[in-house]
Amino acid sequence: MLHGHRVFDADAHVVVSQRAWADLPERLRARRPRPVHVEDAEEMSGYKTSWFCDGVVIPHPWGERAQPGNTPRGSLDLETFPGVATMTDSRVSLMQFGGQDLSDPDERLKIMDQMGIDTSVVYPSTFYAIWTTDPELEAALYRSYNRYVGKACQYNAKRLKFSGLLPLRHPDEACRAIREMRELGAVAAITFSTAGERLLSDPAFSPVFDELTRARLPLCIHFGASYPPLWNLARTMYMGNILSMSVPVFMAFFAITAGGLLDRYPDLKVAFLEFGSEWVLYAVPRMDNYLTQAKTNGLPYATDVPVRMIEDYARSGNIYVACEAEDRVLPQEIECIGEDQILFASDIPHPEMRENAAAEILERNDLTDIQKRKILWDNAARFFGEP
């Protein structure tokens, strides 16, 4: 609790660790991600160790699929992970690696206490969006992660929640994964913005969404480089963050709204995480502008367009967006999609995390006390369920 307010963190993380694929099927164990070391590491800063999986080395600073991320160093020596920025509050020391990969849940809970976080939902590394394009290996890595993190969160199931990875490229495995993650106590399923080069609204995934809605699990769409045609454009870490990892959010939002996913599954709840929330102020009116043109011009322009205006979908209560504490246009976003749809996220233990983010929201003078309470607790409790 923080200054009398309960805090429900909608987006924290589990750092990449070899423990997360410890129970891969024997036939795939030889293809598991492995740590590699660069001998000539001059000018590479901290990226002299990386993960190697299915012919891909990540993170790496230049070339196709370039993006920053967790190196294997902490996983190898189990000492303090050097990639985590020093938190601004002097009460909080660097989190030990066991708290980052959840092998030591007490360490994670200690940091949550110091940050005033009551309940936290954890997600995997964005590496899971680009480890491999092989559906079988991807599904095995996803399900192994789900088992690992699900069991770790059972240590304190009231405070530690998890969202299970959804291997959409392999629909049969995805359905099995949903049933398994439900048994493990998952509060949501996670996918990235696309399933490779397919939109989330692709009819091929209907059996998966049928199963997801039967399980009554919400869907979380997380920042990640899921769309392969953008990989080659993003040839530096900065470009990776902006192009291959951020741009696909518009493809996901299109699939959920204009792509018809909410029409087919009107009870589905969807959260967009780690994209910020400013983008809704562009996407909603832009898409409605072209939708109005399409309906005015008639066929063939109006072929396969959504039945409702995009603003109606955005304000339906089905769509949630995680905000940043310093977002200057947050009041306008609340006006656009509603005050019941904004979530708080800490991003623990990534370098982008801000130890005082919840306190910054409480200090804002452009939000009402009711809006602050909803952002910090009520909305997440409605989306994921009360702890």
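Observations
- Fully extended contour minus Cα-Cα distance, from H37 to R264, at 0.36 nm per residue: 77.0 nm
- Residue with peak Gaussian network fluctuation, the chain [Cα springs, cutoff 10 Å], from L219, L230, L165: L230
- Cα-only Debye scattering, the chain: base-10 log of I(q)/I(0) at q = 0.11 Å⁻¹: -0.76
- Judged by the mean number of other Cβ atoms found within 10 Å, the most tightly packed of the peptides 300-309, 237-246 leads the ranking 237-246, 300-309.
- Inter-label distance for E136 and A204, nm, one decimal - labels placed 7 Å from Cα along Cα-to-Cβ: 1.7 nm
- Computed about the Cα centre, the dipole magnitude for the chain is approximately 880 debye when only Lys and Arg (+1) and Asp and Glu (-1) carry charge, each at its Cβ.
- For the chain, the 222 nm mean residue ellipticity estimated from helices alone, with every DSSP H stretch of n ≥ 4 adding -39500 (n - 2.57) and the total spread over all residues, rounds to -9000 deg cm²/dmol.
- Over the chain, relative contact order from alpha-carbon pairs under 8 Å, at least 6 apart, %: 19 percent
- With R₀ set to 25 Å, the beta-carbon distance separating E64 from R29 gives a calculated FRET efficiency near 0.40.
- Between E363 and D106, full extension at 0.36 nm per residue minus the direct alpha carbon distance yields a gain of 89.6 nm.
- The distance between label points at A215 and A381 comes to 2.6 nm (points 7 Å beyond Cα on the Cα→Cβ vector).
- In this calculation the C-beta distance from F52 to E197 is compared with R0 = 30 Å, giving a FRET efficiency of 0.80.
- Formal net charge of residues neighbouring M112 (Cβ-Cβ distance under 9 Å; K, R +1; D, E -1): 0
- Top positive-direction residue, dipole computed over segment 8-384 with Cβ charges, set A358, L281, L376: L376
Each reported figure results from applying straightforward, stated rules to the coordinates on display, with no laboratory input. In this text the structure is predicted, and so the values were computed from the model without any measurement. Cβ: placed from backbone, ideal geometry, glycine included. Neighbour counts: every protein chain shown.
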